[in-house]
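A.B. asks: There's a structure below that I have some questions on.
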Amino acid sequence: MNSTRARYLLDLNALISLADPDSLHYRAILAWFDSSGEDDWGICPLTEAGFVRVTTNPAYRGPTRTVEQATAILAEFARHPGYRYWSISDKWAVLTAPFSARLLGHQQVTDAYLLGLAIKEKGVLVTFDKGIKYLAGTDYRRNLLVLDES
């Protein structure tokens with residue numbers, strides 16, 4: 001891990017919360033972002049596509065957006081000075097190998113990929129999902145930040 005500062009990868013819930021002031025987690029993500037996250041944070045292809053998919057769905061509880069509006073929000077985030085895009089070039093099985101024995105089912109597939117990317121890039125996955133702690137285990141807890149929902 002970089003000794004001067006952490007590099008943060010936002011999961012989908014964290015990204016959606018950062019973009020939606022009416023989100024249940026907005027205050028928590030904003031407080032974290034303002035205090036320590038804004039210097040080196042970003043998203044990857046999974047969170048980028050997930051953001052467009054979720055926020056353009058008419059069933060989404062927040063403000064439903066068009067694909068163009070969702071894409072514009074992502075472009076706005078990308079202009080932030082601390083933003084960086086996390087590319088994924090490794091296969092899922094490669095990135096999840098360090099903790100594959102702790103994978104319990106289909107609902108962990110994306111979480112595992114994101115955690116594996118954070119581990120590979122010596123970064124920290126930012127989430128509200130407490131269940132990812134089990135995936136990380138003690139070996140990779142430094143690569144995970146679970147924010148408090150309040």
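Every number in this text was worked out from the coordinates using simple rules, so none of it is lab data. Predicted, not measured: the structure shown is a model, and the values here were computed from it. Reconstructed Cβ throughout: ideal geometry from the backbone, glycine too, with neighbour counts over all protein chains shown.
A.B. asks: Note down the nm distance, to one decimal, between modelled labels 7 Å out along Cα→Cβ at Arg84 and at Ala101.
C.D. replies: 3.2
A.B. asks: Oh, and also: Can you give me the long-range amide H partners of Val124? Hydrogens built in the peptide plane at 1.01 Å from N, cutoff under 5 Å, separation of 5 or more residues or another chain.
C.D. replies: Long-range HN contacts for Val124: Arg7, Tyr8, Leu9.
A.B. asks: How high is the relative contact order of segment 8-146, in percent, with contacts defined as C-alpha pairs under 8 Å that are six or more residues apart?
C.D. replies: Reported as a whole number, the value is 27 percent.
A.B. asks: Lys/Arg Cβ at +1, Asp/Glu Cβ at -1, dipole of segment 8-146 taken about the Cα centre: which of Tyr113, Val124, Ser100 is farthest positive-ward?
C.D. replies: Checked the options; the winner is Ser100.
A.B. asks: Just to compare against my own numbers: the Cα pair-distance distribution for segment 8-146, 5 Å bins, whole % per bin, please.
C.D. replies: 2, 10, 20, 23, 21, 14, 8, 2, 0
A.B. asks: Something else about it: Using the crude model of +1 on Lys and Arg Cβ and -1 on Asp and Glu Cβ, and no other charge, please compute the dipole size for the chain relative to its Cα centre, in debye to 20.
C.D. replies: 400
A.B. asks: Given the options Arg65, Arg79, Arg53, which has the most mean-square fluctuation in a GNM of the chain, springs set between C-alpha atoms less than 10 angstrom apart?
C.D. replies: Arg79
A.B. asks: Once each part is reduced to its C-alpha centroid, what is the distance from segment 8-64 to segment 92-115 in angstrom?
C.D. replies: Rounded to whole Å, the Cα centres lie 21 Å apart.
A.B. asks: For Thr56, what residues show an amide H to amide H distance below 5 Å, using hydrogens built from the backbone and excluding near sequence neighbours?
C.D. replies: Placed amide hydrogens put Arg65 under 5 Å from Thr56.
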